[in-house]
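The values are calculated or read from the model by the stated rules, or taken from the named source; none is laboratory data. Given the structure is predicted, the values throughout are model-derived calculations rather than measurements. Every residue, glycine as well, gets a Cβ built from its backbone with ideal geometry; the counts of neighbours run over all protein chains shown.
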Amino acid sequence: MSTLRFPLCLLILSLGLVGFAQAVPHRDNRVLAQSTTSQSTTSQLTTSRSTISQSTTSQSTLSPLATVLSQATILDLSHTYDENTLYWPTSPSNFKIETLASGWTDKGYFYAANAFCTPEHGGTHIDAPIHFGENKQTVEQIPVAKLIGPAVVIDVSAAAAKNRDYQLQLADVRAWEDQYGKIPEDAIILLRTGWSQYWGDRKAYLGDDTPGDASNLHFPSFGAEAVQFLVEERSIAGLGVDTASIDNGPSTDFLVHRIVADANVFGLENLTNLDQLPPIGATLMALPMKIAGGSGAPVRAIAIIPSAD
Ligand SMILES: [Zn+2]
């Protein structure tokens, strides 16, 4: 969510080369591996990461991490930014893109460049701790190592389907641990509510589509007691959810935002494709634009699901 009113304007340049797209090999869309819930799967990529510096690979040999990646399924957890991207109802503006150039030059090559403008908090984005915590980390101050970690996926979609204001309960976290084991340190907790199916439909997604009014929102998210536990007892790195906020729609005190901000834990909002992730075993990478002093930023979030082999 956002209460900030300062849009961020940026200029992007992209060079289109004829035939470039055809020259780039496309990753096969492998059939998603069935859920693999063992702890050993969780650590597969982490192990590779920790040992990669010791690798003595020659040019003809893939590094351990590259080997894992070459066999993994890579999932995109970000929504596309376009004119339909949803922003908080009080946001003064939304995503805008302007064509600066697109066409063939008189020198014989194609050239495309755009300028875009967006508030920090809209679409798939990160909440830096400073969003709700004075003197806490800004976007560029979040250690990159914290933005990569084991993805713990807690599925509350059934409860949310019955109660659209559902909040993750401590009992849900306990039940997850009973089934899959203790949540690892520096985990990124992803709350699957099923809400990304409503993305693009403001009324269905937020619960209300009254312009400028955030007082009647209804969507599920995290609950304060559960998050307090995750922060204090499990030392998580971040939270992520497939709704518009890490607090649920009716929240007015934004307690979850404040709890994570105090602990320098980040939040990810408006994620998608969480239904395609195993409860444990994937590694999340959520890399935001490195905005100096940013309270939030657009994020390209991906999940790496190692092969079950
Ligand atoms: Zn936000």
Next on the checklist: Pairs please, first residue from the range 72-97 and free of Cβ contacts under 8 Å to residues at least 40 places away in the same chain, second anywhere and of a type in the set (Val, Ile, Thr), Cβ atoms under 6 Å, 6+ apart in sequence or on different chains.
Outcome noted: Phe95/Thr85; Phe95/Thr118
Checklist outcome for this item: Every listed condition ((1) part of a loop (DSSP other than H, G, I, E, B); (2) surrounded by fewer than 22 Cβ atoms within 10 Å (Cβ to Cβ); (3) in contact with a strand residue (DSSP E or B) (Cβ under 7 Å, 6 or more places away or on another chain)) holds for Gly133 save (3)
Item to check | Residues (among the hydroxyl-bearing types (Ser, Thr, Tyr) and within 11 Å of the ligand (Cβ to nearest atom)) located in the range 252-299 | outcome: Ser295
Item to check | Hits in the range 142-201 - residues which are aliphatic (A, V, I, L, M) and in a loop (DSSP other than H, G, I, E, B) | outcome: Ile142, Val156, Leu168, Ile183, Ala187
Checklist entry - Is there a residue in the range 99-114 that is acidic (Asp, Glu) and part of a strand (DSSP E or B)? => result no
Checklist entry - Of the residues Ala244, Ala237, which single one is modelled with pLDDT of 95 or more and either among the charged types (D, E, K, R) or more than 16 Å from the ligand (Cβ to nearest atom) (or both)? => result Ala237
Item to check | Close pairs from the range 118-130: first within 16 Å of Phe254 (Cβ to Cβ), partner more than 9 Å from the ligand (Cβ to nearest atom) and of a type in the set (S, T, N, Q), Cβ under 7 Å, at least 6 apart | outcome: Ala128/Gln137; Ala128/Thr138; Pro129/Gln137; Pro129/Asn264; Ile130/Gln137; Ile130/Thr138
Checklist entry - Does Thr105 count as among the polar types (S, T, N, Q) and either exposed (fewer than 14 other Cβ atoms within 10 Å of the Cβ) or at pLDDT 95 or above (or both)? => result yes
Checklist entry - Which one of Ile154, Ile183, Ile148, Ile142 is within 16 Å of the ligand (Cβ to nearest atom), touching a residue at least 12 places away in the same chain (Cβ under 8 Å) and among the β-branched types (Val, Ile, Thr)? => result Ile142
